[in-house]
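Reading through the structure tokens given below for one structure.
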Amino acid sequence: MPPLKVLLALLAAGWWGCCQALGAVPPPPEQGTANCSNPTYASDQLVCADPDLLALDRRMVVLLAEASPAGPGSPLHWFEPQPDWFRRRSLCAFSERHAACLIAAYSERIDLLAALAGRASGQTRPAFLATCPGAPWGNGPVRLHQPDPSPLSIQDGRGRLLVLASALQPQDDWSPFVRIGNDARGIRLEPPGGSVVRCRALPVRLNP
């Protein structure tokens, strides 16, 4: 075999062996919380080294054990699965305000898990009846509640949490899974990759 062909063959074999080796590397294990025993993600390293962030992660772990899971086919599909949330949380490492982004991410998650666990936080405010035409949970009346300073929650007639929505502040680097806004047509709910749902409060106050 001519020398040039030998060289090309060796290069090809080396390239293929490299790719085989890379293909044999398993993907990182799926996580839902910070791994402080072996922190490989930049966000894990920051969380595990910062007492305040670590306290938020531990608070989330407790609530994860108490919160009811979001089952497929239920209105809870508007809730971000924990592994998906964790992957988005890890992207805070690309923010110039890494710690602030993580605080916003954990705060939103803790609010959601606390609501699912039946641990509402904040000062009590009256709830209102509302209608949300075209919503995946139907057009019937729902309970609209926003304790201060917690995000807006929407519950069905049995008190089951349907949506928890947060307002995105201009200074935040974190985007809530379901965003909330207001316009002339009522309260606007913006789920990821879905149609906007608008809810209009009815002039009926309910007990919290």
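Every number here is computed from the coordinates shown, using simple stated rules; none is lab data. As the structure is a prediction and not an experimental result, all values here were calculated from the model. Cβ: placed from backbone, ideal geometry, glycine included. Neighbour counts: every protein chain shown.
You can think of it this way: the chain between Q45 and A65 has 4.9 nm of extra reach, that is 0.36 nm per residue less the Cα-Cα gap. Estimate the FRET efficiency between N35 and S175 by the formula 1/(1 + (r/R0)^6), using the beta-carbon distance for r and 22 Å for R0, to the nearest 0.05. Given R0 = 22 Å and the Cβ-Cβ separation, E is 0.35. When the chain is fully extended, how far beyond the present Cα-Cα distance does D84 get from R188, taking 0.36 nm per residue of separation? Gain on extension, D84 to R188, equals 35.1 nm. The slack in the chain from R158 to A93, taken as 0.36 nm per residue of separation less the alpha-carbon distance, amounts to 19.4 nm.
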